[in-house]
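Comments concern the structure below.
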Protein chains: 2
Amino acid sequence: MKGDAASGSRERMLEATIDLMRGSGLTGAGINEIVRASGAPKGSVYHFFPGGKLQIAAEALAIYSERVQAFLDGALAGGRSAGEKVRALFDAFARRVEEGDFRRSCAAGAVSLDLDVEVEELRAVLADAFADWTALIARHFDLGDARRTKSFAGLVLTAIEGAYVRARAERSSKPFREAGTWLAELAERRA
Amino acid sequence: MKGDAASGSRERMLEATIDLMRGSGLTGAGINEIVRASGAPKGSVYHFFPGGKLQIAAEALAIYSERVQAFLDGALAGGRSAGEKVRALFDAFARRVEEGDFRRSCAAGAVSLDLDVEVEELRAVLADAFADWTALIARHFDLGDARRTKSFAGLVLTAIEGAYVRARAERSSKPFREAGTWLAELAERRA
């Protein structure tokens, strides 16, 4: 495999990893599952990813994190007041889980709850992603002072991750819309 | 195995399953892992649990759900005003993750994010647990009318589940304390 074909295989493996992690976390994204879902030859895994499963997972999470940032930016741009921004954000996530028939969660959240498998490298990747997302959310708000604004952005992230957990089990986007309504109240009050 | 010895093995398998699920969700709680962690003879698994892994997981989640209800009740009894109750609850969870060195999450949350493995039976067990926990939280508050109170209880549950996700990755109890502070503001305002 050379050039485009090779980079195509590598990319398909990363896409398959993101999708598997969104489906069942780190433990669901084993080498065999990645090979099966991507259609890439098994022998090519360690050619593309000498660090094996952990390297694939770390690269996949980094790509995923960039996409979430674009998604957050797009959704937050949809509102004028702080309250509207919050509602627009949670509505966007609600539509996202509805469109995926409640079968896909946040890859970072799902991997986080699998961390017992001794993967300190991945923990750092997740912590960085959450820090980046919080900083990005904070840039869209001004709740009086920087510390409170960052704390509020942290609450928004917490609610998103928790709503993913509940949405999956309840097959409902209600946890997102419910959180959006309450957090919009907080944001409006502080803005 | 008879009598006490048998019920001891069965109980140890369920305890091991709860612990494994808190560590890495459903995919981490395979039959082999349960046998290894419980020290029970492998041959006894299908004797005690004819339904195999799904039966063990469903029973373990039901036991876990009862314990969470006792934990929620105890923590919420610690405050007088609505705001104090919220803070007491999130502080209790913060201490819980600190004491466990951030290595144990909510078993129901971790299994929820693993649900891609086609287990509709377990999804219903999780949805019931979340409904029971929300109803229990709601009984500790009165935010004007029943609908708003239940909705607020739902937000509390969402924040707990999300804080578990973040606490694990960030090795910090801050997401719990942060959410407790904000949600206490909401509760005080409405009480």
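We did not get these values from a lab; they are worked out from the coordinates using the rules stated. The model shown is predicted, which means the values in this text are computed figures rather than measured ones. Cβ: placed from backbone, ideal geometry, glycine included. Neighbour counts: every protein chain shown.
Placing a label point 7 Å from Cα along the Cα-to-Cβ axis, residue B:50 is separated from the same position in the other copies by 5.5 nm, shortest listed first. For the range A:70-156, the alpha carbon positions stretch 43, 34, 18 Å along the principal axes, listed from largest to smallest. Listed by chain and number, the lysines whose C-alpha is less than 18 Å from the C-alpha of residue B:150, apart from same-chain residues fewer than 8 away, are A:174, B:85.
For trypsin sites (Lys or Arg not before Pro), the sites in the range B:60-156 that DSSP calls loop and that have at most 11 other Cβ atoms within 10 Å are B:80. A simple count of charges around residue A:45, restricted to other residues whose Cβ falls under 11 Å of its Cβ and scoring Lys, Arg +1 and Asp, Glu -1, yields +3. For residue B:53, the lysines whose Cα comes closer than 23 Å to its Cα, not counting residues fewer than 8 places off in the same chain, are B:2, B:42.
Think of the range B:89-191 as a dipole: +1 on every Lys or Arg Cβ, -1 on every Asp or Glu Cβ, centred on the Cα centre; then among B:93, B:180, B:160, B:180 lies furthest on the positive end. The dipole here belongs to the range A:91-191: it is taken about the Cα centre, uses +1 on the Cβ of Lys and Arg and -1 on the Cβ of Asp and Glu, and is about 440 debye. Candidates B:56, B:14, B:137 compared by Cα position along the dipole of chain B: farthest toward the positive end lies B:137, with charges placed on Cβ.
Sparsely packed loop sites in the range B:95-148 (the GluC sites (Glu not before Pro) outside DSSP H, G, I, E and B with at most 14 other Cβ atoms within 10 Å) comprise B:118.
Computed about the Cα centre, the dipole magnitude for the range B:3-190 is approximately 460 debye when only Lys and Arg (+1) and Asp and Glu (-1) carry charge, each at its Cβ.
Please state the shape class of the range B:3-190: rounded when a/c is under 1.5, otherwise prolate if a/b exceeds b/c and oblate if not, all from the C-alpha gyration tensor. In terms of gyration-tensor shape, prolate. Fewest neighbouring Cβ atoms within 10 Å first, the residues A:111, B:125 line up as B:125, A:111. What the Cβ-Cβ distance of residue A:101 and residue B:98 gives, at R0 = 25 Å and to the nearest 0.05, is a FRET efficiency of 0.10. Starting from the Cα of residue A:132, step 7 Å toward the Cβ, then list every residue of the range A:152-191 with an amide N under 20 Å from that point. From the range A:152-191, the list is A:153-162. The mean count of C-beta atoms from other chains within 10 Å of the C-beta of residues in B:102-113, rounded to a whole number, is 6.
Counting neighbouring Cβ atoms within 10 Å and putting the fewest first, the residues B:145, B:116 line up as B:145, B:116.
Considering only A:119, B:82, B:108, and ranking their Cα positions along the charge dipole of the protein assembly as shown that arises from unit charges at the beta-carbon of Lys, Arg, Asp and Glu, the one farthest toward the positive end is B:82.
The dipole here belongs to the protein assembly as shown: it is taken about the Cα centre, uses +1 on the Cβ of Lys and Arg and -1 on the Cβ of Asp and Glu, and is about 400 debye. Counting beta carbons within 10 Å around each of B:183, A:115 and listing the fewest first gives the order A:115, B:183. Working note: 222 nm ellipticity from helices only, DSSP H runs with n ≥ 4, each -39,500 (n - 2.57), summed and divided by the residues of the protein assembly as shown, gives -26000 deg cm²/dmol to the nearest 500.
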